[in-house]
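Student: Before I ask anything, let me first share the structure, which is written out below as structure tokens.
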Amino acid sequence: MDAEEKLQQVISVLDQLTEDTTVPRNIRRGASECKTRLLKRDEALDVRIASAIFVMDELANDPNIPLHGRTLIWNIISQLEQVKQ
């Protein structure tokens, strides 16, 4: 699987997180922001991934996020790190 396919999978999971109403609004907003950053074609892929990982890490540390949301975020970070390699 190439980097673009992996990125599309990550974006799909970000969409799930954005649409999950059991997750606080700030987490959904952050997921949407990550999706926007990842889709910016005018920046290098590694820069987009690094900034998305940074934002997702901040979201994972939010004390109000439910467990399933935190698990999704960790999965997204893991997938992004695989794309980066």
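Student: With assigned to a loop (DSSP other than H, G, I, E, B) and either on the phi < 0 side of the Ramachandran plot or exposed (fewer than 12 other Cβ atoms within 10 Å of the Cβ) (or both) as the only criterion, which of 22, 18 stands out?
Tutor: 22
Student: Do you know which residues across the stretch 40-85 are farther than 25 Å from residue 21 by Cα and either basic (Lys, Arg) or assigned to a helix (DSSP H, G or I) (or both)?
Tutor: Within the stretch 40-85, 40, 41, 45, 46, 47, 48, 49, 50, 81, 82, 83, 84 qualify.
Student: Return yes when residue 6 is part of a helix (DSSP H, G or I), under 19 Å from residue 62 (Cβ atoms) and out of contact with any Cys (no Cβ under 9 Å at 6 or more places or on another chain) and no when it is not.
Tutor: Answer is no for this residue.
Student: So which of 41, 70, 28, 37 ends up being over 19 Å from residue 8 (Cα atoms) and among the basic types (Lys, Arg)?
Tutor: Among 41, 70, 28, 37, only 70 is over 19 Å from residue 8 (Cα atoms) and among the basic types (Lys, Arg).
Student: Yes or no: residue 13 of a type outside the set (Asp, Glu), buried (at least 18 other Cβ atoms within 10 Å of the Cβ) and in contact with a Leu (Cβ under 9 Å, 6 or more places away or on another chain)?
Tutor: No: the conditions fail for residue 13.
Student: On to the next question. Can you confirm whether residue 31 is among the aliphatic types (A, V, I, L, M) and surrounded by fewer than 16 Cβ atoms within 10 Å (Cβ to Cβ)?
Tutor: Answer is no for this residue.
Student: So which pairs qualify, if the first residue must be in the stretch 13-25 and farther than 16 Å from residue 80 by Cβ, the second must be surrounded by fewer than 13 Cβ atoms within 10 Å (Cβ to Cβ), the Cβ gap must be under 6 Å, and the two must be at least 6 apart or on different chains?
Tutor: 24/64
Student: Any residue in the stretch 42-67 that's within 14 Å of residue 32 (Cα to Cα): show its pairings with residues that are among the hydroxyl-bearing types (Ser, Thr, Tyr) and in a loop (DSSP other than H, G, I, E, B) at Cβ separation under 9 Å, as long as the two are six or more apart or on different chains.
Tutor: Here the result reads none, with nothing in the stretch 42-67 linked to a residue that is among the hydroxyl-bearing types (Ser, Thr, Tyr) and in a loop (DSSP other than H, G, I, E, B).
Student: Looking at 77, 49, can you tell me which residue is in contact with a Lys or Arg (Cβ under 6 Å, 6 or more places away or on another chain) and surrounded by 16 or more Cβ atoms within 10 Å (Cβ to Cβ)?
Tutor: 49 is the lone residue from the list that is in contact with a Lys or Arg (Cβ under 6 Å, 6 or more places away or on another chain) and surrounded by 16 or more Cβ atoms within 10 Å (Cβ to Cβ).
The numbers here are math on the coordinates, done by the rules we state, and not lab data. None of these values were measured; they are calculated from a predicted model. We place every Cβ from the backbone using ideal geometry, glycine too, and count neighbours over all the protein chains shown.
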